[in-house]
Amino acid sequence: MKKFIVILITLLLLGSYLMAHEVSFYYTSQEHQRYWHFNDMRLSWQGDNYCTSFGIKSLTETTPELTVNQAWASIDLFETFYSYFQKYPWIIGKVSFGKMYCDFGSFPKAPSNIISIYEPYDYKGAFASELMVKLSVDWCAAHYFSLYWADMGNAAGTVDVPSTFGGRAQTKYVENMRLGASVRVRDAFDGDNHKFDYGVDFCYKIDDMFNFDLQAYNLDDNNKNTDDINLWGMVTYEKGFMAPYVKLIKPYIGYFSKNEMRDFNFIVGLNMKPMESAFMKLEYNYDSMKKTEVGFVKDFGGALTLEFGFLF
């Protein structure tokens, strides 16, 4: 316990000095993980036309990992106004370059922004950030379009096989609603072995009380005999209610399919805000897979998990 307190104080001091965005921990009842885990620490500097974000993983282990989540800058290509007399932006075009997350789906990245603990987001796999160039257009602050090319290295002689091309369209024209569609081609120059991904996402808030976030996405595995579609859904009581000590509580339930919809995770939890600079989550996760099954690799399957973190 003393070691944990020392580590926590060190992280808080280090985070304050380096302008840390957040630091978080979790404890799960899953049999092989019943101890406190250092989850994530993020160091972030961000402006309108730049972002640098680092992540520190496994800080309590013998080999801590420092990862670059994002490191990009953008240039305004053009900006038009609604009229000569009304000087507010109408259409804004930008080109961005550096390491960015692919515009695929609409999943939060930082633990403080994720309403739940368990999410189908894969930071090192299909949803990871990559070195890319992206052209984006904002229209009336309600519509968004993007095209991007991610250069993922030279894997076959002089041919850049692992390149990814993609794009996204999103609209918030209807109040309290977000509707988006994403497409991309992975391994674009690998002949018939390229992989075509696509997805749609829909989010709607009803009377500032209930938030429905539904998404479906297809992650191609280049096997025509398999169905690659998975579903993701979350319903949150956004208005929440107040309670002593933990302050604002937002209950939620969620469903995530996996293994081509043969298996799933069902979660129910509480997202809490004990103070402005902290967050807590308590969540039960039911996994349809068993620990003895091949492919059971999810951290929180069949467990009650507590997560807490601090913002700086």
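The values are calculated or read from the model by the stated rules, or taken from the named source; none is laboratory data. Quick caveat: nothing in here was measured; it's all calculated off a predicted structure. Note that each Cβ is placed from the backbone with ideal geometry, even for glycine, and that neighbours are counted across all protein chains shown.
When restricted to residues that are exposed (fewer than 14 other Cβ atoms within 10 Å of the Cβ), touching a Lys or Arg at 6+ places or on another chain (Cβ under 9 Å) and of a type in the set (Phe, Trp, Tyr), region 236-285 contains 1. Residues in region 96-150 that are without any contact (Cβ under 8 Å) to a residue 60 or more places away in the chain and in contact with a Leu (Cβ under 6 Å, 6 or more places away or on another chain) were compared, and the one that is nearest to Phe279 (Cα to Cα) is Lys99.
Any residue in region 26-36 that is assigned to a strand (DSSP E or B), under 30 Å from Met132 (Cα atoms) and modelled with pLDDT of 60 or more?
Checked against the condition, which is being assigned to a strand (DSSP E or B), under 30 Å from Met132 (Cα atoms) and modelled with pLDDT of 60 or more, region 26-36 yields no hits at all.
Of the listed requirements (1) over 20 Å from the mean Cα position of the chain (by Cα); (2) at pLDDT 90 or above; (3) more than 23 Å from Asp208 (Cβ to Cβ), Phe308 misses just one: (1). Only residues that are in contact with a Gly (Cβ under 7 Å, 6 or more places away or on another chain) and either among the aliphatic types (A, V, I, L, M) or outside any strand (DSSP E or B) (or both) were counted across region 253-277, and they come to 2. Just one residue in the set Ala141, Ala188 is among the aliphatic types (A, V, I, L, M) and either part of a helix (DSSP H, G or I) or exposed (fewer than 13 other Cβ atoms within 10 Å of the Cβ) (or both); that residue is Ala141. Contact annotation: residue pairs with Cβ atoms under 6 Å, 6 or more positions apart or on different chains, pairing a residue in region 235-249 that is of a type in the set (Gly, Ala, Ser) with a partner that is modelled with pLDDT of 90 or more and assigned to a strand (DSSP E or B), are Gly240/Leu248; Gly240/Ile249; Gly240/Lys250; Ala243/Ile249. For region 39-51, the tally of residues that are in contact with a strand residue (DSSP E or B) (Cβ under 6 Å, 6 or more places away or on another chain) and either part of a strand (DSSP E or B) or on the phi > 0 side of the Ramachandran plot (or both) stands at 9. If I filter region 96-109 for residues that are among the aliphatic types (A, V, I, L, M), modelled with pLDDT of 85 or more and either crowded, with 16+ Cβ neighbours inside 10 Å or over 30 Å from Asn193 (Cα atoms) (or both), do I get at least one hit? Yes, region 96-109 contains at least one residue that is among the aliphatic types (A, V, I, L, M), modelled with pLDDT of 85 or more and either crowded, with 16+ Cβ neighbours inside 10 Å or over 30 Å from Asn193 (Cα atoms) (or both). Residues of region 218-242 that are assigned to a strand (DSSP E or B) and under 19 Å from Ser116 (Cα atoms): Asn230, Leu231, Trp232, Gly233, Met234, Val235, Thr236, Tyr237, Phe241, Met242. Take the conditions of a type in the set (D, E, K, R), touching a Ser or Thr at 6+ places or on another chain (Cβ under 9 Å) and modelled with pLDDT of 80 or more and apply them to Lys57. Does it pass? For Lys57, the condition - of a type in the set (D, E, K, R), touching a Ser or Thr at 6+ places or on another chain (Cβ under 9 Å) and modelled with pLDDT of 80 or more - is not met.
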